[in-house]
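Each value in this text was obtained by applying a stated rule to the coordinates, not by laboratory testing. Predicted model, so just to flag it, every value in this text is computed and none were measured. Please note: Cβ atoms are built from the backbone with ideal geometry, for glycine as well, and neighbour counts cover all protein chains shown.
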């Protein structure tokens, strides 16, 4: 099934690049989890540091009128919220969440949507693991790892849930939910945070104006 749907995306950590999603061509023949193999953690982990505090302070300086640092922090965290601390793809079929629950997933297809001039394709995986389903992970939808240019953060977007995959990809209630992960083993976290802080002014432009009281 293929659908075209214009989605207004919130540019999470890679807003400094106009080539987000376009930097790497999505693999046309994905049939298993190999493209995401390895240990991934939420992008929010980057902010759990002194460098993260400086980043939020800098974004707040350029934020629309009325924003506090806490509001900026809550907004950014909220857009990429995840219910786990680690996702480990150990082979072409197996996912381990938080080193606690394990499930085998099969690729059941792909679903294409559109953002601006870019076509993006969610790759859909499903499990029959009762443990994973009880935890809310019947489906995982992935976009391949990509970056915004040289030395930018290489990351992947994903969604998950027990709802139908079509809902997870296209429902208006999740259009601004963009969980994002990166692989710490191949990421210079200090360098990435320094780059992000330099781009704080641009990052602040993604914050919506506050409603007048």
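Can you sort 143, 210 so the residue with the fewest Cβ neighbours within 10 Å comes first?
210, 143
Please provide three numbers in whole Å: the alpha-carbon extents of the range 128-201 along the principal axes, with the largest listed first.
Principal extents (Cα only, largest first): 42, 29, 17 Å.
Cα convex hull of the range 96-174: mean projected area in nm², to one decimal?
6.4
Report, to one decimal in Å, the Kirkwood hydrodynamic radius for the range 34-204 based on all distinct Cα pairs.
One decimal place: 17.2 Å for the Kirkwood radius.
Cα centroids of the range 152-198 and the range 76-116: how far apart, whole angstrom?
Cα centres, the range 152-198 to the range 76-116: 10 Å.
How high is the relative contact order of the range 107-146, given as a whole-number percent (alpha carbon pairs under 8 Å, six or more residues apart)?
34
At a Förster radius of 25 Å, what calculated FRET efficiency corresponds to the Cβ-Cβ distance of residue 210 and residue 190, to the nearest 0.05?
E(calc), rounded to 0.05, equals 0.20.
Over the range 33-184, what is the mean sequence separation of C-alpha contacts under 8 Å (at least six apart), divided by residue count, expressed as relative contact order in percent?
The value is 23 percent.
Once you keep just the Cα pairs under 8 angstrom separated by 6 or more residues, what percentage relative contact order results for the range 106-173?
25
What distance in nm separates the simple spin-label points at residue 39 and residue 117, each placed 7 Å from Cα in the Cβ direction?
For residue 39 paired with residue 117, the spin-label model returns 4.1 nm.
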